[in-house]
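Participant: Quick one: the structure is below, and I'll ask about it shortly.
The values are calculated or read from the model by the stated rules, or taken from the named source; none is laboratory data. Source: prediction; values computed, not measured. Backbone-built Cβ (ideal geometry, glycine too); neighbour counts: all protein chains shown.
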Amino acid sequence: MANIVRNFFYTLLFFALFLDGCARPAETGTLQVVASIAPLAYFAERIGGTHVAVSVMVPPGGNPHSYEPSPRQMARLGDAALFIKAGSGVEFEMDWMERFLSINRSLRLCNGVEGIRLLRVKHDGLVHQDGRYDPHYWLSPVNGMIISKNVERALAAADPAHRAEYVASSAKLQAELQLLDREIQRELAGLKNRRFLVFHPAWGYYADAFRLQQIAAEEEGKTLTPRQMQRIIEQAKANHITVVLVSPQFSSSQAETIAREIGGTIRSVDPLSSDYQNNLRRATTAFIEAMR
Ligand SMILES: [Zn+2]
């Protein structure tokens, strides 16, 4: 009887192992990558191709300045080989990084910002007194070329067997980004008015790359006081601005009020799209219309 039980147990065990293997055949040899924000996932997918499975922490529409990872995402991190962080002071990364590393001791880290010259946060065209850095560095194609290099190096280190492929896809992507940079330069070349008004100040690197001036309504995701509202409305009027740019991650009710006061409209630009290159093209169209 004991024998029968034992055989039955082994049969079950065999099927359990067999089924487990069947259920996840695609994952064998696939590098599990977690990116903190969607634009970084784009780089991992383009460079890693079929050798990687990429997931994103901050979900679409989520705000990285106030986001907290879910238990499911923490579990996924436990299986991941590589975590790509923005590394530029995005709040949740700083709060959670120690936890991330403690649940997965073999987790490799890729720092997206390495080698990128961070810009200080500006307000009213002036550098902030507390000297904070603007975290949104990925929104310039030239910085994208550096991110591409960083992700390429991390993937090659985590999976040396496919190094040549990672290097080749990264080179291709960098060439595309250089063309994209020129394309956007060309499109913005004729603009006389080069000031735009954006509610959340995510476009400082874009402005810097293309010689534009970003006027931002809010700071650090805080609601504007009536006094700040009045100031930004006056500033917008003085600069003949008629479009307030908003992003899907932030409430647009104050932006709508500003737009109403200046007799203008709101338009959406997304600083966190996973469709990196097309999103920069779409944003360029929005900026051109806003500055026209
Ligand atoms: Zn932001």
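Participant: Can you tell me which residue in the stretch 126-176 is farthest from ASN279 (Cα to Cα), limited to those that are more than 16 Å from the ligand (Cβ to nearest atom), of a type in the set (D, E, K, R) and in a loop (DSSP other than H, G, I, E, B)? Don't jump to the end; show me each part of the working.
Facilitator: Of the residues in the stretch 126-176, the ones more than 16 Å from the ligand (Cβ to nearest atom) are 126-127, 129-131, 141-142, 144-176.
Among the residues that remain, those that are also of a type in the set (D, E, K, R) are: 130, 149, 152-153, 159, 163, 165, 172, 176.
The next check asks that each one be in a loop (DSSP other than H, G, I, E, B); those that pass are 130, 159.
On the way: ASP130: 31, ASP159: 30 Å.
This residue is ASP130.
Participant: Only one of GLY87, GLY62 is within 21 Å of ALA154 (Cα to Cα) and assigned by TED's automatic domain parsing to the domain that holds LEU173. Can you tell me which? Break it down into steps so the answer makes sense when it comes.
Facilitator: Details: GLY62 fails: within 21 Å of ALA154 (Cα to Cα).
So the residue among GLY87, GLY62 that is within 21 Å of ALA154 (Cα to Cα) and assigned by TED's automatic domain parsing to the domain that holds LEU173 is GLY87.
Participant: OK, next. Quickly run through the stretch 237-263 and pick out the residues that are away from the ligand (no atom under 16 Å from the Cβ), part of a loop (DSSP other than H, G, I, E, B) and surrounded by fewer than 19 Cβ atoms within 10 Å (Cβ to Cβ).
Facilitator: Across the stretch 237-263, the qualifying residues are ASN239, HIS240, THR242, GLY263.
Participant: If the requirement is being at pLDDT below 95 and away from the ligand (no atom under 16 Å from the Cβ), which of these qualifies: PHE92, PHE43, PHE83, PHE14? Steps first, please.
Facilitator: Working: PHE92 fails: away from the ligand (no atom under 16 Å from the Cβ); PHE43 fails: at pLDDT below 95; PHE83 fails: at pLDDT below 95.
It is PHE14.
Participant: Considering only the stretch 92-106, I want to know if a residue exists there that is outside any helix (DSSP H, G or I), in contact (Cβ under 8 Å) with a residue 40 or more places away in the chain and surrounded by fewer than 22 Cβ atoms within 10 Å (Cβ to Cβ).
Facilitator: No: the stretch 92-106 contains no residue that is outside any helix (DSSP H, G or I), in contact (Cβ under 8 Å) with a residue 40 or more places away in the chain and surrounded by fewer than 22 Cβ atoms within 10 Å (Cβ to Cβ).
Participant: Could you list all residues from the stretch 213-222 that are in contact with a helix residue (DSSP H, G or I) (Cβ under 7 Å, 6 or more places away or on another chain) and either buried (at least 18 other Cβ atoms within 10 Å of the Cβ) or farther than 27 Å from SER140 by Cα (or both)?
Facilitator: Of the residues in the stretch 213-222, the ones in contact with a helix residue (DSSP H, G or I) (Cβ under 7 Å, 6 or more places away or on another chain) are 213-215, 217.
Matches in the stretch 213-222: GLN214, ILE215, ALA217.
Participant: When you scan the stretch 166-209, how many residues do you find that are in contact with a Phe, Trp or Tyr (Cβ under 6 Å, 6 or more places away or on another chain) and not hydrophobic (A, V, I, L, M, F, W, C)?
Facilitator: Total satisfying the criteria: 2.
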